[in-house]
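Note sheet for the following structure.
Every number in this text was worked out from the coordinates using simple rules, so none of it is lab data. These numbers were taken from a predicted model, which means no experiment stands behind them. Here the Cβ positions follow ideal geometry from the backbone for every residue, glycine too, while neighbour counts run over all protein chains shown.
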Amino acid sequence: MKTPWYKEPWAWLVFFLPFSAVVAGITTLIIANTDPDDLVVGDYYKKGKAINFQVSKVKLAQKLGMKFGLKLVDNALVITPTGIEKRFPLLKVNFYHPTQEERDFELSLTPDGSGDFRHNFSSPVSGKWRITLSPFDDSWKIQQQIALPQADFIEIIPDPAQAQ
């Protein structure tokens, strides 16, 4: 005596496996289209051509003896010049998050009476960051990866190997 096909468990197993693959594929496609990954750098070719120019800026900072100390405690950022040339009218500080482009921001800081650059953040800044320090005229540049918050001063020194 034969049973109908829909009462056989093997028939449902044969249908279920391809059906689950189709559902998983459609789900993956929907997730990929609704929440795409951010590109941290959009034009890689131009970025690659500009690396030599950026390395020359870092080498100039190294030649000038530029060094800074940076700390962030209780949402208060303090940057202290410790190198040879210690006076700047304006210091541009860029914070780049390694994976989330919308968290990137830039500060333009002027020195206080003691020559330090200070900024108070309204919300906490924490995690891993690539920080870039440069003067107003962009003649030199220093880049370094740091982890924030930091109670002790971090030494920020020019390193051509980190130039990008």
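How tilted is helix 9-34 with respect to the longest principal axis of the chain? Cα atoms for both, answer in degrees (0 to 90, nearest 10).
The helix 9-34 is inclined about 30 degrees to the chain.
DSSP loop trypsin sites (Lys or Arg not before Pro) in region 81-164 with at most 11 other Cβ atoms within 10 Å of their Cβ, which ones?
R87
For the residues T3, T27, what sequence is obtained by ranking on other C-beta atoms within 10 Å, fewest first?
T3, T27
Mind checking which lysines have their C-alpha under 24 Å from K92, skipping anything on the same chain fewer than 8 residues away?
Hits, sequence-local ones excluded: K46, K47, K49, K57, K59, K63, K67, K71, K128, K141.
Select from region 77-108 those GluC sites (Glu not before Pro) which occupy a DSSP coil region and have at most 15 other Cβ atoms within 10 Å, ordered by residue number.
E85
In degrees, nearest 10, range 0 to 90: what is the angle between the Cα axis of helix 44-64 and the longest Cα principal axis of the chain?
With both axes taken from Cα atoms, the answer is about 30 degrees.
Out of [x] 185; [y] 145; [z] 125, which label holds the value of volume of the Cα convex hull per residue in Å³ that was computed here?
Label of the calculated value: [x].
Over the chain, what is the relative contact order in whole percent, taking alpha-carbon pairs under 8 Å and six or more residues apart?
Contact order relative to length: 24 percent.
Order the peptides 15-21, 54-60 from the highest to the lowest mean number of other Cβ atoms within 10 Å of their residues.
Peptide ranking by packing, descending: 54-60, 15-21.
For region 44-162, with only Lys/Arg (+1) and Asp/Glu (-1) charged at the beta-carbon, what is the dipole magnitude about the Cα centre, in debye rounded to 20?
I would put it at about 500 debye.
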